[in-house]
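Worksheet: the structure to be examined is printed underneath.
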Amino acid sequence: MNKPKSIEEVRTLQLEELTASTARAYKSLVHPKHLEWLDQINSSSVWGFGASNNNQPAGIVLGRSAINEGQAKIIELVVAEGHQRQGMGMKLLWHAEQKMREQGISDGQFAGFIKAQDFSWLSKIAIREGWQLPKVKTYMYTLGSMRLGECQWVERLTLPEDFTLFPWKDLTPAERLEIEQGEGQWYTSLLSPFFEEGKFDPDYSTGLRYQGKVIGWVIVQRMAGNLLLYKTMFVQEKYQKQARGITLLMKTIEQALPTFPYGMCFVEHDNEPMLRFMERRLGPTILHRKLWIETTKVLVGQYSDHFC
């Protein structure tokens, strides 16, 4: 049970509308993908509110507005561990709503990453404040690849002689042309190995050939000195049931492990087979789970004063 806070402790909690300079103190709470927005806070198109305790960041809400379109999006709502279940999340959300109303926003949106364990907490807040039930769109996993040895089934993965792995940088011009011509036919554009090509790592990205013909790939991107994003995995449908895709992925991870002990991947919410694989097969390697959630609220004609 949480210990009741004294009046003196409560008084140490402060909430402020952020500027580009004051927002810097909250960087530790914001997802790396959104850090750039902190420097662009201008109280109009980009805005935010921060909650602090004894001058230490305790929570933040960050949003972007398209005032001419009457729309705004909350891209971060974070309450630091140790400060949850104290009403801070609702207070930050309320101030965000008031900001949007002041700007004449009619349609509020909330879309962003949260820790998986925070989903029920945020859902309760959203529903209580009149937002739609948040929907999970994407799962983000952070993996400790050094724990792969705890997954004993990986040792049994092999490829028959007709299948060969190769570094993606060794893709030939003829193979590239054939793959490009196959887009929309035997793979979707979302799985293209050439999407944002300038960002991927050709040394650790891996291709799979069957009898000399490219049938799959795992495309990776360096996110940090010890972290790889496993961005795209694809194997032609007729080879999927033979676990060729899983073998390709595991071999790619094993190759990168000495240099990149950590990995990250995204799985769409409706990709149930891959979600089951992540939880059942790679469970020991999962360090963190995050969810990309979305919810909306119509703001016109709705007012709330219970925090005034």
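Return only the number of the condition from (1) within 17 Å of GLU129 (Cα to Cα); (2) in contact (Cβ under 8 Å) with a residue 12 or more places away in the chain that LEU62 does not satisfy. Among (1) within 17 Å of GLU129 (Cα to Cα); (2) in contact (Cβ under 8 Å) with a residue 12 or more places away in the chain, the lone unmet condition for LEU62 is (1).
Can you find, within the range 29-40, the residue that is farthest from PRO57 (Cα to Cα) among those that are touching a residue at least 40 places away in the same chain (Cβ under 8 Å) and part of a helix (DSSP H, G or I)?
Going through the range 29-40, the residues touching a residue at least 40 places away in the same chain (Cβ under 8 Å) turn out to be 29-31, 33-34.
Imposing the further condition that a residue be part of a helix (DSSP H, G or I) reduces the set to 29, 33-34.
On the way: LEU29: 8, LYS33: 19, HIS34: 17 Å.
Applying the filter and picking the extreme gives LYS33.
Residues considered: LEU92, LEU62. Of these, the only one that is open to solvent by less than 10 Å² (accessible area, probe 1.4 Å) and over 16 Å from HIS34 (Cα atoms) is LEU92.
Which residue is modelled with the highest pLDDT, if the candidates are limited to the range 274-308 and must be in a loop (DSSP other than H, G, I, E, B) and in contact with a helix residue (DSSP H, G or I) (Cβ under 7 Å, 6 or more places away or on another chain)?
Filtering the range 274-308 down to residues in a loop (DSSP other than H, G, I, E, B) leaves 282, 299-308.
Add one more test, that the residue is in contact with a helix residue (DSSP H, G or I) (Cβ under 7 Å, 6 or more places away or on another chain), and what stays is 299, 304, 307.
Working: LEU299: 90, SER304: 47, PHE307: 39.
This residue is LEU299.
Scanning the range 280-297 for residues that are of a type outside the set (A, V, I, L, M, F, W, C), under 13 Å from TYR141 (Cβ atoms) and open to solvent by less than 80 Å² (accessible area, probe 1.4 Å), we see that the one that is farthest from the chain's Cα centre (by Cα) is PRO284. Pairing residues of the range 143-161 that are in contact (Cβ under 8 Å) with a residue 60 or more places away in the chain with residues that are in a loop (DSSP other than H, G, I, E, B) and surrounded by 15 or more Cβ atoms within 10 Å (Cβ to Cβ), at Cβ distances under 6 Å and at least 6 apart in sequence or on separate chains, gives SER145/LEU257; SER145/PRO261; MET146/PRO261.
The values are calculated or read from the model by the stated rules, or taken from the named source; none is laboratory data. Owing to the predicted nature of the structure, the values given are computational and were not obtained by experimental measurement. Positions of Cβ are backbone-derived with ideal geometry, glycine not excepted, and every protein chain shown enters the neighbour counts. Ligands, DNA and RNA are stripped out before the accessible areas are found, and what is left, the full protein with its side chains, is counted by its heavy atoms. Shrake-Rupley method; radii C 1.70, N 1.55, O 1.52, S 1.80 Å.
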